[in-house]
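Student: Below you will find the structure I want to go over with you.
Just so you know, all these numbers are worked out from the coordinates, no wet-lab data involved. Every value quoted in this text rests on a predicted model; they were computed, and no experiment measured them. Virtual Cβ from ideal backbone geometry, glycine too; neighbours counted across all protein chains shown.
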Amino acid sequence: MNTKKIYLIPFETTHIQHLHKWLNDEQAMRMVGRTPLTYEEVVQEVEKKRMNDDLILGIETNEQVLVGWVFLKDIDHAHGRASIGILLSSEARGQGYGQIAMKKMIDLGFKQLRLNKIYLTTRGLNEQAIALYKKIGFVTEGILRKHAYVEGKYVDTYFMGILASEWNR
Ligand SMILES: CC(C)(COP(=O)(O)OP(=O)(O)OC[C@H]1O[C@@H](n2cnc3c(N)ncnc32)[C@H](O)[C@@H]1OP(=O)(O)O)[C@@H](O)C(=O)NCCC(=O)NCCS
């Protein structure tokens, strides 16, 4: 039984220093095929999300340690859909925090924001993320072939989604 507790808290400006570290972590960069970001670039990234009315939340343990962030972006109320993203600190991965945080955010999306669909894209090489998303109930809706370039290779991108009707079941 999973007894871990986490809380989704407002993502504050003071949290950006941690996000900067997580984003520049080697595995995190490899999984999205990205180069390192300066602190200012990360600040701009967060600012862009805020301007876009994305829902950005911090993931905190019951010991009040910030272990990651999770967000809903491209929130489209007319069509009732949004895209979800998550990043944990390297120390917090592999302990089940990802699953609890995703479930809490999906719950908010369906039960507070009245979304009908939550979707995401992930690189085909991100086996841990894909395993997690499938376990939560996401369905692979399509595979974009050789859609990204990571470490000298073109890799597939998975498009996955979950509907409110599937979540409530
Ligand atoms: C992806 C991420 C959010 C997953 O959260 P997490 O808390 O680390 O998830 P877990 O370690 O509990 O893994 C989830 C499942 O994947 C499985 N898994 C782990 N590594 C795996 C691998 N290499 N291959 C297949 N399955 C794997 C785990 O066994 C677990 O299933 P289980 O609960 O049945 O044992 C987190 O690792 C992370 O932030 N990674 C870096 C950033 C990233 O990749 N973000 C997603 C971009 S789309």
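Student: Does residue 95 satisfy being more than 8 Å from the ligand (Cβ to nearest atom), surrounded by fewer than 19 Cβ atoms within 10 Å (Cβ to Cβ) and under 22 Å from residue 5 (Cβ atoms)?
Tutor: No: the conditions fail for residue 95.
Student: Collect the residues in region 12-25 that are without any contact (Cβ under 8 Å) to a residue 60 or more places away in the chain, outside any helix (DSSP H, G or I) and touching a helix residue (DSSP H, G or I) at 6+ places or on another chain (Cβ under 9 Å), keeping them in residue-number order.
Tutor: 24
Student: Quick one: residue 28 ticks every box in (1) within 13 Å of the chain's Cα centre (by Cα); (2) touching a residue at least 60 places away in the same chain (Cβ under 8 Å); (3) more than 25 Å from residue 156 (Cβ to Cβ) except a single one, so which number is it?
Tutor: The one condition residue 28 does not meet is (3).
Student: Sticking with this one: Going through 104, 111 one at a time, which residue ends up being within 15 Å of residue 55 (Cβ to Cβ) and either of a type in the set (S, T, N, Q) or buried (at least 16 other Cβ atoms within 10 Å of the Cβ) (or both)?
Tutor: 104
Student: Can you find even one residue in region 80-90 that is farther than 17 Å from residue 22 by Cβ, part of a helix (DSSP H, G or I) and away from the ligand (no atom under 13 Å from the Cβ)?
Tutor: no
Student: I want to confirm something. Restricting to region 98-112 and keeping residues that are touching a residue at least 40 places away in the same chain (Cβ under 8 Å) and among the hydrophobic types (A, V, I, L, M, F, W, C), which single residue is farthest from the ligand (Cβ to nearest atom)?
Tutor: Only one residue tops the list, namely 110.
Student: Would you check if residue 59 is assigned to a strand (DSSP E or B) and under 27 Å from residue 153 (Cβ atoms)?
Tutor: Criteria not met by residue 59.
Student: Please pick out the residue among 75, 9 that is away from the ligand (no atom under 14 Å from the Cβ), exposed (fewer than 15 other Cβ atoms within 10 Å of the Cβ) and in a strand (DSSP E or B).
Tutor: 9
Student: Across region 135-166, which residue is nearest to residue 96 (Cα to Cα) among those that are out of contact with any strand residue (DSSP E or B) (no Cβ under 8 Å at 6 or more places or on another chain) and not polar (S, T, N, Q)? Give the steps one after another, and end with the answer.
Tutor: Going residue by residue through region 135-166, those that are out of contact with any strand residue (DSSP E or B) (no Cβ under 8 Å at 6 or more places or on another chain) are 135, 151-153, 165.
Applying the additional criterion that residues be not polar (S, T, N, Q) yields 135, 151-153.
On the way: 135: 12, 151: 28, 152: 31, 153: 30 Å.
Among those that are out of contact with any strand residue (DSSP E or B) (no Cβ under 8 Å at 6 or more places or on another chain) and not polar (S, T, N, Q), it is 135.
Student: Also: Give region 45-56 a look and list any residue that's of a type outside the set (D, E, K, R) and assigned to a helix (DSSP H, G or I), or say none.
Tutor: Within region 45-56, 46, 51 qualify.
Student: Next up: Let me confirm something: among 47, 63, which residue is exposed (fewer than 12 other Cβ atoms within 10 Å of the Cβ) and either in contact with a helix residue (DSSP H, G or I) (Cβ under 9 Å, 6 or more places away or on another chain) or without any contact (Cβ under 8 Å) to a residue 24 or more places away in the chain (or both)?
Tutor: Residue meeting the stated conditions: 63.
Student: Kindly indicate the residue of region 27-44 that is touching a helix residue (DSSP H, G or I) at 6+ places or on another chain (Cβ under 8 Å) and outside any loop (DSSP other than H, G, I, E, B) and also nearest to residue 129 (Cα to Cα) among those meeting that condition.
Tutor: Step by step, filter region 27-44, then rank; the result is 31.
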